[in-house]
1. Within segment 195-217, can you find the residues that are among the charged types (D, E, K, R) and out of contact with any Lys or Arg (no Cβ under 8 Å at 6 or more places or on another chain)?
2. Search segment 186-202 for residues that are within 9 Å of Met164 (Cα to Cα) and pair each with any residue that is part of a helix (DSSP H, G or I) and open to solvent by 40 Å² or more (accessible area, probe 1.4 Å) when their beta-carbon atoms are under 7 Å apart and the residues are at least 6 apart or on different chains.
3. Restricting attention to segment 85-107, and to residues there that are under 14 Å from the mean Cα position of the chain (by Cα) and part of a loop (DSSP other than H, G, I, E, B), which single residue is surrounded by the most Cβ atoms within 10 Å (Cβ to Cβ)?
4. Out of everything in segment 127-166 that is open to solvent by 50 Å² or more (accessible area, probe 1.4 Å), part of a loop (DSSP other than H, G, I, E, B) and modelled with pLDDT of 90 or more, what residue ends up being nearest to Arg110 (Cα to Cα)?
5. Step by step: first the residues of segment 191-215, then only those that are closer than 21 Å to Val62 by Cβ and aliphatic (A, V, I, L, M), then the one that is least open to solvent (accessible area, probe 1.4 Å). Which residue is that?
6. Just name the residue that is most open to solvent (accessible area, probe 1.4 Å) out of those in segment 167-183 that are at pLDDT 85 or above and among the polar types (S, T, N, Q).
7. Being outside any strand (DSSP E or B), of a type outside the set (Lys, Arg) and farther than 17 Å from Met234 by Cα is the filter here, so list the residues in segment 108-124 that pass it.
Amino acid sequence: MENASKALLIAASVLIAIVIIGAFMLMMTSLTDYQDKSYQSTQDAQITEFNNLYLSYNRKDVRGSDVVSLMNRIVDYNDTKSDEAGFTEMGITINMNGYNSDLSYDGRNRLVTSNQYDEETIKSIVGSPSSVSGGATTGKIREIENRYQSKYANQLAAEIANIMDIRDENEFNTEKFLPKTLSSYGVSLADVKEDALYYYEYVQFKRARFDCIGTENDRNTGRIINMEFECTGMGV
């Protein structure tokens, strides 16, 4: 009788242990499932947030100024995130459709010299970000803006017809186009004319119109990894 009682107690103990272990395993499985779902939810939210930064450009009649902003965003993203695990380079393709010849003032392109641009060549327009250049955004346009300030760079572009007619440096130094003399900027009349031609082309590019004709998403993450644009005409 006593042996039978002991056997029942042992069996009960084993059963209780099995129940406890089963409950613990069920709890751990539920916790893991919850953590997985929580992680996936966070990942989905991050992907949505990332894509929304670019989906606003996925439309017709995008101004060149917005394309410039997008190019800067993509160049900066690729250069600052390239060392992170799981990084996939963001790409962009811009087809000028021959309109690049309409950007220049004198028929010679200095800035937008190609008809096709991609993630490797758009730096020739927007320059390299500070993360790469060690503190200062580099490139011809940024050089001009840093020299004269954006306000006066735009003024040079707006007055380009009058500026190109000037032959005497003293005639230029009247504070009509710039608040300081050319020597204060360390440039000659020929230099400032060339800068004006560059910046005129940049201003015309920002006024141009583009259509986004396609986007590509990463198959694994769902993130946008490429956008394609084509120029549809000049601005007004």
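1. Of segment 195-217, the ones among the charged types (D, E, K, R) are 195, 201, 206-207, 209, 211, 216.
Passing the criteria: only Glu216.
2. Listed by first residue and then by second, the contacts come to Lys193/Met164.
3. To start, the set of residues in segment 85-107 that are under 14 Å from the mean Cα position of the chain (by Cα) comprises 88-94.
From the residues that got through so far, the ones that are part of a loop (DSSP other than H, G, I, E, B) too are 88-90.
Details: Thr88: 14, Glu89: 13, Met90: 22.
Among those residues, the one meeting the criterion is Met90.
4. Glu159
5. Ala208
6. Ser183
7. Taking segment 108-124 as the starting set, the residues that turn out to be outside any strand (DSSP E or B) are 108-115, 118-124.
So of that shortlist, the ones also of a type outside the set (Lys, Arg) come out as 109, 111-115, 118-122, 124.
The answer is Asp118, Glu119, Glu120, Thr121, Ile122, Ser124.
The values are calculated or read from the model by the stated rules, or taken from the named source; none is laboratory data. This structure is a prediction, so every number in the text was calculated from the model and none was measured. Because the Cβ atoms are built from the backbone with ideal geometry, glycine has one as well, and the counts that use them run over all protein chains shown. Note: accessible area is taken over every heavy atom of the protein model, side chains too, but ligands, DNA and RNA are not part of it. Shrake-Rupley method; radii C 1.70, N 1.55, O 1.52, S 1.80 Å.
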